[in-house]
Amino acid sequence: QSALTQPASVSGSPGQSITISCTGTNSDVGGSDYVSWYQQHPGKAPKLLIYDVNNRPSGASLRFSGSKSGNTASLTISGLQSEDEADYYCSSYTSSGSTFYVFGTGTTVTVL
Amino acid sequence: EVQLVQSGTEAKKPGESLRISCKGTGYIFATSWIGWVRQMPGKGLEWMGIIFPGDSDTRYSPSFDGQVTISADKSISTAYLQWSSLKASDSAKYFCARRIAGGLGLDVWGQGTTVTVFS
């Protein structure tokens with residue numbers, strides 16, 4: 001199955017809100033309530049921010065929120081901070097094939 | 001504390017076999033799915049497959065099916081990713097991660113294992 005489509009880069013100033021999109025198909029994002037978002041700093045393991053479209057794991061910052069409309073999911077980062085500068089990946093359950101997941105192409109967030 | 005601890009950096013030659021490991025601590029290992037993710041240098045995350053240690057039910061991404069083998073030994077709380085014949089294109093960082101209870105996100109990640117295959 002093909003990777004989900006994300007913008008290569010998104011930028012914003014400290015304190016602003018930004019949104020990252022994640023576009024798939026009816027076989028994944030559009031047909032699933034299982035979209036997750038991950039943050040990855042250079043050289044580090046990914047960190048779960050959002051799961052099942054709009055749920056935060058224990059300890060996750062309230063500044064991160066998720067939503068979905070049709071075949072596109074979105075991650076919004078509110079009150080942008082310098083430590084938010086990282087790569088972000090979406091992931092979705094897919095009914096295509098026997099696997100569980102497909103990842104997005106990844107988005108680099110730059111804090112201006 | 002819930003943790004996944006992966007085995008160390010590997011340097012191998014093409015054609016050699018390799019098995020890397022992922023040990024879970026701080027929770028009941030047999031009751032949570034463990035997934036494997038590849039990240040090639042400077043690239044994004046790629047889903048490889050997932051295993052349920054309780055009964056070794058395993059699912060592979062089509063891209064990796066037949067290329068790697070995922071297994072687990074619940075008696076020692078360890079999952080494995082193995083290759084029978086490495087290629088230079090297998091050079092990457094490999095992460096294991098636990099599927100969150102009641103959802104489909106991956107909430108606990110190992111630190112990653114770097115595999116370098118060179119002649």
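With θ taken as phi - 60° and the Karplus curve 6.51 cos²θ - 1.76 cosθ + 1.60 applied, the whole-hertz 3J(HN,Hα) list for segment A:34-40 is 10, 9, 10, 10, 10, 10, 9 Hz, x standing for glycine and proline.
Measuring between their Cα centroids, segment A:1-33 and segment B:9-59 lie 26 Å from each other. With a 10 Å cut-off around each Cβ of B:94-106, the average count of Cβ atoms from other chains is 5. Here chain B carries DSSP beta bridges of which approximately 90% are antiparallel, counting only pairs with both residues inside.
Take the cross-link list A:Lys47/B:Lys74; A:Lys47/B:Lys43; B:Lys43/B:Lys74; A:Lys47/B:Lys93; A:Lys68/B:Lys93; A:Lys44/B:Lys43 and give me the ones stretching past 23 Å between alpha-carbons. From the list (A:Lys47/B:Lys74; A:Lys47/B:Lys43; B:Lys43/B:Lys74; A:Lys47/B:Lys93; A:Lys68/B:Lys93; A:Lys44/B:Lys43), the Cα-Cα distance tops 23 Å for A:Lys47/B:Lys74; B:Lys43/B:Lys74; A:Lys68/B:Lys93.
Taking the square roots of five times each eigenvalue of the Cα gyration tensor of the protein assembly as shown, the equivalent ellipsoid has semi-axes of 29, 19, 17 Å, listed largest first. Magnitude of the charge dipole for chain B, about its Cα centre and with charges confined to Cβ atoms of Lys, Arg (+1) and Asp, Glu (-1), is about 220 debye. Annotation: peptides B:77-86, A:9-18, ranked by per-residue average of other Cβ atoms within 10 Å with the highest first, follow the order B:77-86, A:9-18.
Once you divide the Cα radius of gyration of segment B:29-72 by 2.2 N^0.38 Å, the number left is 1.22. Taken residue by residue and averaged, Cβ atoms of other chains lying within 10 Å of the Cβ of A:51-58 number 3.
The charge dipole of segment A:1-100, taken about the Cα centre with unit charges on the Cβ atoms of Lys, Arg (+1) and Asp, Glu (-1), comes to about 100 debye, rounded to the nearest 20.
When every Cα-Cα distance of segment A:60-112 is counted in 5 angstrom steps from zero, the calculated P(r) takes the values 4, 15, 23, 23, 17, 10, 5, 3, 0 percent. The tail of the calculated P(r) for segment B:1-84 beyond 21 Å holds 30 percent of all Cα-Cα pairs. When you restrict to C-alpha pairs under 8 Å that are six or more residues apart and normalise by the size of chain B, the relative contact order lands at 36 percent.
Coordinate-derived values only; no laboratory data. Because the structure is a prediction, the values reported are computed rather than measured. Neighbour counts run over all protein chains shown; Cβ positions are idealised from the backbone, glycine included.
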